[in-house]
1. How long is the gain from Ala22 to Lys4 if the chain were fully straight, where each residue apart is worth 0.36 nm and the alpha carbon distance is subtracted?
2. Pick the calculated mean projected area of the Cα convex hull in nm² for this structure from [x] 8.0; [y] 6.0; [z] 7.7?
3. Taking θ = phi - 60°, what integer Hz values does the Karplus form 6.51 cos²θ - 1.76 cosθ + 1.60 yield along segment 14-22, in sequence order, with x for Gly and Pro?
4. What list of ³J(HN,Hα) values in whole Hz, one per residue of segment 44-53 in order, does the Karplus curve 6.51 cos²θ - 1.76 cosθ + 1.60 (θ = phi - 60°) give from phi, with Gly and Pro shown as x?
5. Could you put Ile28, Ile33, Ile5 in order of accessible surface area, largest first, with the 1.4 Å probe and the full protein assembly present?
6. Accessible area of Lys42, 1.4 Å probe, to the nearest 10 Å²?
7. Among all the lysines, which ones have a C-alpha under 19 Å from Lys35's C-alpha, if same-chain residues fewer than 8 places away are not counted?
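The values are calculated or read from the model by the stated rules, or taken from the named source; none is laboratory data. If you're wondering where the values come from, they're calculated on a predicted model, not measured in any experiment. Note: areas computed on protein heavy atoms with side chains; ligands, DNA, RNA excluded. Shrake-Rupley method; radii C 1.70, N 1.55, O 1.52, S 1.80 Å.
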Amino acid sequence: MEIKIGVQNIGREIVLESAEDADSVAKIVEDAIAKGSDLRLKDDKGRVIIVPGNALGYVEIGAEEARRVGFGQF
């Protein structure tokens with residue numbers, strides 16, 4: 001699933017693909033905001049993204065969907 005993170009006072013957003021489900025990502029984000037700790041997410045390639053919890057502007061959690069293959073219209 002695609003996750004977009006907006007950081008305060010930064011013009012670009014952080015975009016990553018994660019294998020985690022939406023509920024677990026939402027729980028991690030809520031904990032980071034509530035505790036004021038760092039937001040730590042791992043992408044699907046094993047890289048760790050760390051954002052200070054107090055600098056978060058927004059987090060957009062994309063819908064989980066299977067990738068389509070082929071040229072057919074759906």
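1. 5.2 nm
2. Step by step, mean projected area of the Cα convex hull in nm² for this structure corresponds to label [y].
3. After applying 6.51 cos²θ - 1.76 cosθ + 1.60, I find 8, 10, 9, 9, 10, 8, 6, 7, 4 Hz.
4. 6, 9, x, 6, 9, 10, 10, 10, x, x
5. Highest to lowest solvent-accessible surface, that is Ile33, Ile28, Ile5.
6. My reading of the accessible area for Lys42 is about 110 Å².
7. Once the sequence-local lysines are set aside, what remains near Lys35 is Lys27.
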